[in-house]
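Right, one structure below, let's go through it.
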Ligand code: NBP
């Protein structure tokens, strides 16, 4: 008999995904450029299900039922292109090639167009959940033709994480839509982690020891903040370094790495003109942390408060930190989802934001209790932004005194809170009846005759700044 589905790439992600497929009863063809890796996976896990290993790509392709469903899990970029190029001559019309790696959505659009021209389906599937997710049930965000989803969707839904039996996989939209949504997922993940980091630094400044901090996060994880990242924060803070006996976080170098998806999220938002300042600040916070020369020079030259502070009521302040964390998180999710909605309009994807929130509820890194609420708010009404949803707006209003108090205290004490501050700035900007943009327009008109609109009349206008200061209808200036 022929295999139901194939996986190319037997590194961590591909081998775990293949095992997940096999455990769910599929006959899985597997292939890796370096055959010894395939052999090792089969030797260790072959007993878990029906694996069909091939040493040659042609044999792998021939071992699959049609239309062939081939999931590529190799290093994103050139590895993916090389794999696709070697597959093309072996495939037949209607076959489905899935890229499960972290591809740039622009690459996915290019590859989809190329394969479509050859009569093949190309699906860019964002897969989140790391290696454990790949094995036990990830969140899967597939983009491609509707037709290909009919053949592929049931398999992806079967192996995905579940919430009350509902799969964390759904059709996202055409070409790059799935990888775009996965990219923004990672961008939100950056913001989530930055906020958690700011809360940690503030709790530390309050004098909590690592056990107390771990307990605080564990308590928060039983309420509105209930999420995977808060849960593992508690575990990381509790970890004692075996070598030194110190808390492990105190031994880890404070320079954050990144692989690019956060940066891509901000770049795409800049192209779309969508404000995602929480995500941008989170990317830049990692950049500052990983810039030793800048930090060393600034530590020498710059003075300011030492980062310590006193509060009258410690427990009340800890709860205010929780409120700042929750409110900031809501703003980051709102901004990420705004970016997805805007991209849907720009790139012709009919993205259902409620469905995106639905498949992020389990399996992925940003899984959180909040996502069920976001799903239901988007499902209930056509929201311009999550922030306008009545229950969300009410809870933000309730959290904002604490949110503002935490930021004000941190600023006075010299504790950097770029994420919390960016989130609050967005909240205050978005709700302001008047913005400083009127002066910006005045300045632009002064030095560049860029014109402005008036609040009390139709049309565009220009002031003759350098002559008599009179105003003219803008058409007259050309
Ligand atoms: P890696 O990203 O480490 O890639 C290793 C795999 O790519 C091996 O199978 C390797 O084959 C293959 N490969 C390379 Br490198 N160049 C190739 C080429 N030119 N032609 C064919 N195969 C090539 O694997 P991973 O960590 O399992 O991640 C796979 C994908 O999943 C990536 O896109 C990653 O971004 C994404 N992802 C990873 C995670 C995670 O937690 N690690 C989470 C979510 C998504 P070889 O054995 O012959 O060298």
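Applying a 10 Å radius around every beta-carbon, put 133-145, 333-345 in order of their mean neighbour count, most first.
Packing proxy ranking, top to bottom: 133-145, 333-345.
When the helix-only estimate is applied to the chain (DSSP H runs of n ≥ 4, each -39,500 (n - 2.57), divided by the residue count), what is the mean residue ellipticity at 222 nm, nearest 500 deg cm²/dmol?
-17500 deg cm²/dmol
What base-10 log of the normalised intensity I(q)/I(0) is obtained for the chain from the Debye formula, alpha carbons as equal point scatterers, at q = 0.08, 0.11 Å⁻¹?
-0.58, -0.98
Once you place label points 7 Å from the Cα toward the Cβ at residue 66 and residue 47, how far apart are they in nm?
It is 3.8 nm.
What is the order of 182, 259, fewest Cβ neighbours within 10 Å to most?
Final ranking by Cβ density, sparse to dense: 259, 182.
Taking neighbour Cβ counts within 10 Å as the exposure measure, how do 175, 445, 241 sort from fewest upward?
The fewest-first ordering by Cβ neighbours comes to 241, 445, 175.
Once R0 is set to 45 Å, what does the formula 1/(1 + (r/R0)^6) return for the Cβ-Cβ distance between residue 411 and residue 346, expressed as a FRET efficiency to the nearest 0.05?
0.80
Calculate log10 I(q)/I(0) of segment 260-398 for q = 0.11, 0.14, 0.16, 0.19 Å⁻¹, where I(q) comes from the Debye formula with a single equal point scatterer on each Cα and nothing for solvent.
Ignoring solvent entirely, the Cα scatterers give -0.56, -0.83, -0.99, -1.19.
Above 18 Å lies some portion of the pair distances; for segment 72-148, what is it as a whole percent of all C-alpha pairs?
Counting every Cα pair in segment 72-148, those more than 18 Å apart make up 38 percent.
Given points 7 Å out from each Cα along the Cα-Cβ axis, report the residue 218 to residue 430 separation in nanometres with one decimal.
Once both label points are built, they end up 3.4 nm from each other.
Largest first and in whole Å, give the semi-axes of segment 182-431's equivalent ellipsoid, each being the square root of 5 times a Cα gyration tensor eigenvalue.
Equivalent ellipsoid of segment 182-431: 30, 21, 18 Å, largest first.
The numbers here are math on the coordinates, done by the rules we state, and not lab data. Fair warning: this is a prediction, and the values are worked out from it, not measured in the lab. Don't worry about glycine lacking a Cβ; one is built from the backbone with ideal geometry, like all the others, and counts go over all protein chains shown.
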